[in-house]
Amino acid sequence: MGPKIIGKNKSGTHIQKGGIMSLIQARHLKKNYITGDIEIKAIRGIDFTIESASFVSFIGPSGSGKSTLLNMIGCLDPPSSGQLIVAGQDISGLSRAQAADFRGSTIGFVFQDFNLIPVLTVYENIEYPLLMVQKWPEAERKKRVFSLLEAVGMADQAKKYPSQISGGQKQRVAIARALVTKAKLVLADEPTANLDRETANRIIEMMKKMRDEFKTTFIFSTHDPKVVKNAEVIFAIEDGQLQKNPNTNGGSHV
Ligand code: ADP
Ligand code: MG
C-alpha cells in the first residue's frame, strides 16, 4: 500500500482523541536566524502533532530546516515564536539550565556529526549517559551497554577509540548511545546519511524494535527517499514549511 494523506497542514486540526495529550505539539512554530543584517527564516510557521511511540521522519532537501526543527524539539535552540510542547513541557519557557535537565531526563540525540568523545572508547562513549543519570548499578550498566553494542553490531569494537573506527561505525555508536538510557524520545538528524543501504536498514529496524519494546518515540530527519519508506509517519519539509501533514506508510498510528 502506498502512503496516504491523513490530514492537511492547518492549525486546529489536531484535536486529541480522548483528551490524551500528544508527545509533541507545535503551533505556528517559527525560527529565524539573524546574522549581521540578514535574517534567515529557517522555519516559517508550522503546525504538527506527534504521538507517543511513533516512528516519524522529516524529509526534505538540504537547507529545508530539518536540523533547525530537530534542535528546537530537542531543546537545544529555542523557537523565535509559536508554541512547542514536548512531553507536557512548554519548552519555549525554559531557562538554559532547565532545558539541559529536561534533555538529560527525556531525550536521546544522534547528531549528524556523531559527537563522540574522542578520549573515550566505544564502550565508554555508550556508557557515558548512564553515568550521568546515576541510577544504574555497575553490573546492570555493563549488561545494558553490551546489549546496545550487540544491537548495533559493534560488540567486537568496544575497546577501540572513535579515531580507530569508520564513519558508519561511529554512527552506530552514536545511535547506541542515544538509546542506552531508554529515553522517551530519540532525535536523530540524518542518522543513516553515511551508511550503506544494508546497515541503514538494520539501524532503522533496530530503532523500530526499541520503539516496540520501550515505547520510545523516534524522530529522524533524512534527505533520502529510500530511507523514508521505513518511517510510519512522514512530514515533508521544504523551505521551512510542511508540505503535507502527515503521510503514513500504512502504519498503526493513524
Ligand atoms: P537542513 O537540516 O534541512 O539541511 P537547516 O535546518 O540546517 O536545514 O537549515 C535551514 C536554514 O537555516 C538554511 O538556510 C541554513 O543556512 C540556515 N541556518 C541553519 N542554522 C543556522 C545558524 N546557526 N545560523 C544562521 N543560519 C542558519
Ligand atoms: Mg541538517
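Here, each number is a calculation from the coordinates, and none is a lab measurement. The shown structure was predicted, so the numbers you read here are calculated from the model rather than taken from an experiment. Using ideal geometry, Cβ is built from the backbone for each residue, glycine included, and neighbour counts are taken over all protein chains shown.
General observations
- Of the cross-linked pairs K160/K226; K30/K66; K31/K66; K182/K209; K31/K182, those separated by over 20 Å at the C-alpha level are K160/K226; K31/K182.
- Put in order of Cβ neighbour count within 10 Å, fewest first, the listed residues M207, M21 become M21, M207.
- Taking Cβ atoms as reference points and 11 Å as the exclusive limit, the residues near R177 contribute a net charge of 0, counting Lys and Arg as +1 and Asp and Glu as -1.
- 20 °C / 1.002 mPa s Stokes-Einstein diffusion coefficient of the chain, Kirkwood radius on C-alpha pairs, µm²/s: 114
- Ranked by how many other beta carbons lie within 10 Å on average, peptides 109-121, 57-69 from highest: 57-69, 109-121
- Residue order, fewest to most beta carbons within 10 Å, for D101, D189, D156: D156, D101, D189
- Gained length - E39 relative to A97, 0.36 nm times residue gap less alpha-carbon distance: 18.2 nm
- Candidate aspartates and glutamates - alpha carbon under 12 Å from K143, same-chain residues fewer than 8 apart omitted: E127
- Listed by chain and number, the aspartates and glutamates whose alpha-carbon sits under 15 Å from that of K41, ignoring those within fewer than 8 places in the same chain, are D77, E238, D239.
- Share of Cα-Cα pairs in region 122-190 lying beyond 19 Å, as whole percent: 27
- Charged side chains reduced to their Cβ positions (Lys and Arg at +1, Asp and Glu at -1) give the chain a dipole of some 480 debye around its Cα centre.
- Contact order normalised by residue count of region 15-154, Cα under 8 Å, 6+ apart, percent: 20
- Computed [θ] at 222 nm, helices only, for the chain once each DSSP H run of length n ≥ 4 contributes -39500 (n - 2.57): -9500 deg cm²/dmol
- Positive-end ranking of L195, C75, G88 along the dipole of the chain, with charges on Cβ about the Cα centre, is headed by G88.
- Cα extents for region 15-105 along the principal axes, largest to smallest and rounded to whole angstrom: 47, 31, 20.
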